[in-house]
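Inspection log for the structure reproduced underneath, given as C-alpha coordinates.
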Amino acid sequence: MKIALSCDHGGFELKEAIRAHLEEIGVEYHDFGTYAADEARDYPYAALYACNAIVAGECDRGVLVCGTGIGISMAANKVKGIRAACCSDYFSAKYTRLHNDANALCLGGRVLGPGLAIELVDVFLKTEFEGGRHARRVGQIMDIQDGKITE
Ligand code: RB5
(Lines give C-alpha, C1' and ligand atoms only; values in the text may rest on other atoms or scores of the structure.)
Protein backbone atom coordinates (compact mmCIF):
# COMPACT_ATOMS: atom_id res chain seq x y z
CA MET A 1 0.00 0.00 0.00
CA LYS A 2 1.25 3.46 -0.92
CA ILE A 3 0.15 6.52 1.01
CA ALA A 4 -0.22 10.07 -0.30
CA LEU A 5 0.93 12.36 2.50
CA SER A 6 0.22 16.06 2.30
CA CYS A 7 -0.14 19.09 4.54
CA ASP A 8 -0.31 22.84 4.75
CA HIS A 9 1.81 24.90 7.17
CA GLY A 10 -0.70 24.18 10.00
CA GLY A 11 -0.14 20.46 9.55
CA PHE A 12 3.59 20.32 8.90
CA GLU A 13 4.79 19.10 12.29
CA LEU A 14 2.18 16.36 12.52
CA LYS A 15 2.76 15.32 8.92
CA GLU A 16 6.46 14.93 9.75
CA ALA A 17 5.64 12.76 12.78
CA ILE A 18 3.39 10.59 10.58
CA ARG A 19 6.05 10.42 7.88
CA ALA A 20 8.63 9.22 10.43
CA HIS A 21 6.15 6.60 11.64
CA LEU A 22 5.50 5.32 8.10
CA GLU A 23 9.27 5.06 7.63
CA GLU A 24 9.55 3.12 10.87
CA ILE A 25 6.83 0.61 10.02
CA GLY A 26 7.95 0.32 6.40
CA VAL A 27 4.85 1.69 4.68
CA GLU A 28 5.54 3.27 1.31
CA TYR A 29 4.45 6.88 0.86
CA HIS A 30 4.76 9.88 -1.42
CA ASP A 31 5.27 13.12 0.48
CA PHE A 32 3.56 15.97 -1.37
CA GLY A 33 4.87 18.55 1.12
CA THR A 34 5.06 21.01 2.56
CA TYR A 35 8.69 20.31 3.28
CA ALA A 36 9.58 22.95 5.91
CA ALA A 37 7.92 24.49 8.95
CA ASP A 38 8.15 27.98 7.45
CA GLU A 39 6.81 26.96 4.03
CA ALA A 40 3.25 28.24 3.67
CA ARG A 41 0.79 26.41 1.43
CA ASP A 42 -2.95 26.87 0.98
CA TYR A 43 -4.74 23.73 2.18
CA PRO A 44 -6.92 23.29 -0.96
CA TYR A 45 -3.75 22.73 -3.01
CA ALA A 46 -2.34 20.43 -0.33
CA ALA A 47 -5.52 18.35 -0.68
CA LEU A 48 -5.49 18.45 -4.47
CA TYR A 49 -1.91 17.23 -4.98
CA ALA A 50 -2.47 14.11 -2.85
CA CYS A 51 -6.02 13.44 -4.07
CA ASN A 52 -4.98 13.60 -7.72
CA ALA A 53 -2.43 10.86 -7.01
CA ILE A 54 -5.09 8.71 -5.31
CA VAL A 55 -7.59 9.14 -8.13
CA ALA A 56 -4.85 8.40 -10.69
CA GLY A 57 -4.08 5.16 -8.85
CA GLU A 58 -0.52 6.23 -7.99
CA CYS A 59 -1.36 6.08 -4.28
CA ASP A 60 -3.94 3.92 -2.49
CA ARG A 61 -4.95 6.16 0.39
CA GLY A 62 -4.20 9.65 1.65
CA VAL A 63 -3.28 11.14 4.98
CA LEU A 64 -3.89 14.88 4.83
CA VAL A 65 -3.06 17.34 7.58
CA CYS A 66 -3.98 20.99 8.06
CA GLY A 67 -4.50 23.00 11.25
CA THR A 68 -7.94 21.57 12.02
CA GLY A 69 -8.20 18.80 9.43
CA ILE A 70 -11.44 20.42 8.32
CA GLY A 71 -10.41 22.69 5.46
CA ILE A 72 -8.26 20.03 3.84
CA SER A 73 -11.12 17.50 4.11
CA MET A 74 -13.58 19.94 2.54
CA ALA A 75 -11.21 20.47 -0.39
CA ALA A 76 -10.42 16.75 -0.71
CA ASN A 77 -14.11 15.87 -0.90
CA LYS A 78 -14.46 18.14 -3.95
CA VAL A 79 -12.11 15.88 -5.92
CA LYS A 80 -14.07 13.24 -7.86
CA GLY A 81 -13.45 9.80 -6.42
CA ILE A 82 -12.30 10.99 -3.00
CA ARG A 83 -14.08 10.09 0.21
CA ALA A 84 -12.21 12.01 2.89
CA ALA A 85 -12.96 11.80 6.60
CA CYS A 86 -11.77 14.28 9.21
CA CYS A 87 -11.22 12.24 12.37
CA SER A 88 -10.11 12.96 15.91
CA ASP A 89 -11.06 9.67 17.52
CA TYR A 90 -10.19 6.00 17.03
CA PHE A 91 -13.75 4.76 16.46
CA SER A 92 -14.36 7.20 13.59
CA ALA A 93 -11.01 6.46 11.92
CA LYS A 94 -11.86 2.74 12.01
CA TYR A 95 -15.50 2.95 10.96
CA THR A 96 -14.91 5.39 8.14
CA ARG A 97 -12.94 2.53 6.54
CA LEU A 98 -15.43 -0.20 7.50
CA HIS A 99 -18.57 1.66 6.45
CA ASN A 100 -17.60 4.55 4.16
CA ASP A 101 -14.58 3.07 2.37
CA ALA A 102 -12.86 6.40 3.02
CA ASN A 103 -9.72 6.82 0.94
CA ALA A 104 -8.36 9.88 2.72
CA LEU A 105 -7.89 10.48 6.45
CA CYS A 106 -7.75 14.14 7.43
CA LEU A 107 -6.16 15.20 10.70
CA GLY A 108 -5.75 18.47 12.58
CA GLY A 109 -2.16 19.32 13.39
CA ARG A 110 -3.39 21.90 15.92
CA VAL A 111 -5.96 19.47 17.35
CA LEU A 112 -4.18 16.14 17.84
CA GLY A 113 -0.95 15.11 19.46
CA PRO A 114 1.28 12.76 17.48
CA GLY A 115 0.53 9.76 19.71
CA LEU A 116 -3.21 9.71 19.01
CA ALA A 117 -2.74 10.79 15.38
CA ILE A 118 -0.48 7.79 14.73
CA GLU A 119 -3.04 5.44 16.29
CA LEU A 120 -5.64 6.89 13.92
CA VAL A 121 -3.35 6.45 10.92
CA ASP A 122 -2.59 2.85 11.89
CA VAL A 123 -6.22 1.81 12.26
CA PHE A 124 -7.16 3.68 9.08
CA LEU A 125 -4.49 1.82 7.11
CA LYS A 126 -5.15 -1.64 8.49
CA THR A 127 -8.97 -1.64 8.34
CA GLU A 128 -10.67 -2.99 5.23
CA PHE A 129 -14.04 -1.92 3.86
CA GLU A 130 -16.87 -4.16 5.05
CA GLY A 131 -18.85 -3.97 1.80
CA GLY A 132 -22.34 -5.49 1.82
CA ARG A 133 -25.05 -2.96 2.64
CA HIS A 134 -22.36 -0.33 3.06
CA ALA A 135 -21.34 -0.72 -0.59
CA ARG A 136 -24.84 0.37 -1.62
CA ARG A 137 -24.55 3.52 0.51
CA VAL A 138 -21.07 4.35 -0.70
CA GLY A 139 -22.43 3.88 -4.24
CA GLN A 140 -25.12 6.42 -3.43
CA ILE A 141 -22.47 8.92 -2.31
CA MET A 142 -20.70 8.47 -5.64
CA ASP A 143 -24.00 8.75 -7.53
CA ILE A 144 -24.66 12.10 -5.83
CA GLN A 145 -21.14 13.17 -6.81
CA ASP A 146 -21.80 12.17 -10.42
CA GLY A 147 -25.23 13.83 -10.58
CA LYS A 148 -27.00 10.47 -10.98
CA ILE A 149 -29.04 11.10 -7.83
CA THR A 150 -30.40 14.61 -7.48
CA GLU A 151 -33.38 14.22 -5.21
C1 RB5 B 1 -4.19 27.68 8.19
O2 RB5 B 1 -3.82 28.71 9.04
C3 RB5 B 1 -5.46 27.03 8.66
O4 RB5 B 1 -6.55 27.81 8.36
C5 RB5 B 1 -5.58 25.66 8.02
O6 RB5 B 1 -4.49 24.89 8.36
C7 RB5 B 1 -6.78 24.82 8.41
O8 RB5 B 1 -6.96 24.76 9.78
C9 RB5 B 1 -8.01 25.07 7.68
O10 RB5 B 1 -9.03 24.38 7.84
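Listing for the model above:
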| item | result |
| --- | --- |
| Förster-model FRET efficiency, 41 Å R0, Phe129 and Glu39, C-beta, rounded to 0.05 | 0.75 |
| Distance between modelled label sites at Lys80 and Gln145, nm, 7 Å Cα→Cβ extension | 1.0 |
| Partners for Lys78 among aspartates and glutamates (Cα-Cα distance below 16 Å; same-chain residues under 8 apart left out) | Asp42, Asp143, Asp146 |
| Backbone HN-Hα couplings from phi across the stretch 8-18 [Karplus 6.51/-1.76/1.60, Hz, Gly and Pro as x] | 9, 5, x, x, 4, 4, 5, 4, 5, 5, 5 |
| Helical mean residue ellipticity (222 nm; -39500 (n - 2.57) per DSSP H run of 4+; nearest 500) of the chain | -14000 deg cm²/dmol |
| Placed amide H near Lys2: partners under 5 Å, 5+ positions off or other chain | Asp60, Arg61 |
| Amide H contacts of Arg83 (H built 1.01 Å from N, under 5 Å, at least 5 apart or other chain) | Asn103, Ala104 |
| Overall form of the stretch 1-110 per C-alpha gyration tensor (a/c, 1.5; a/b vs b/c) | rounded |
| Cα pair distances exceeding 20 angstrom across the stretch 65-129, given as percent | 19 |
| Sulfur and carbon atoms: percent of accessible area, the chain [1.4 Å] | 51 |
| In the stretch 18-69, GluC sites (Glu not before Pro) in a DSSP loop with at most 13 other beta-carbon atoms within 10 Å | Glu39, Glu58 |
| Choice from Thr34, Thr68, Thr127 showing the highest fluctuation, given a GNM over the chain with Cα pairs closer than 10 Å | Thr127 |
| Vicinal HN-Hα couplings computed from phi for the stretch 142-151 (Karplus, 6.51 cos²θ - 1.76 cosθ + 1.60; Hz; Gly/Pro x) | 5, 5, 5, 3, 8, x, 7, 10, 10, 8 |
| Max mean-square fluctuation residue, GNM over the chain, Cα-Cα springs under 10 Å, options Cys51, Cys106, Cys59 | Cys59 |
| Loop sites in the stretch 104-139: GluC sites (Glu not before Pro), DSSP, at most 12 other Cβ within 10 Å | Glu128 |
| Whole-Å distance, taken between Cα centres, linking the stretch 1-59 and the stretch 60-125 | 12 |
| Selection from Leu112, Leu64, Tyr90 lying farthest towards where the dipole of the chain points positive, charges on Cβ | Tyr90 |
| Angle between the chain longest axis and helix 114-126 axis [Cα atoms, degrees, rounded to 10] | 40 |
| GNM result for the chain, Cα springs below 10 Å: residue of Ala50, Ala20, Ala84 fluctuating most strongly | Ala20 |
| Longest site-free stretch - the chain; sites: trypsin sites (Lys or Arg not before Pro), DSSP loop, at most 15 other Cβ within 10 Å | 1-77 |
| Mean separation of Cα contacts under 8 Å (6+ apart) over length of the chain, as relative contact order % | 24 |
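The values are calculated or read from the model by the stated rules, or taken from the named source; none is laboratory data. Treat the numbers as computed from the prediction; the structure is a model and nothing was measured. Positions of Cβ are backbone-derived with ideal geometry, glycine not excepted, and every protein chain shown enters the neighbour counts. Note: areas computed on protein heavy atoms with side chains; ligands, DNA, RNA excluded. Shrake-Rupley method; radii C 1.70, N 1.55, O 1.52, S 1.80 Å.
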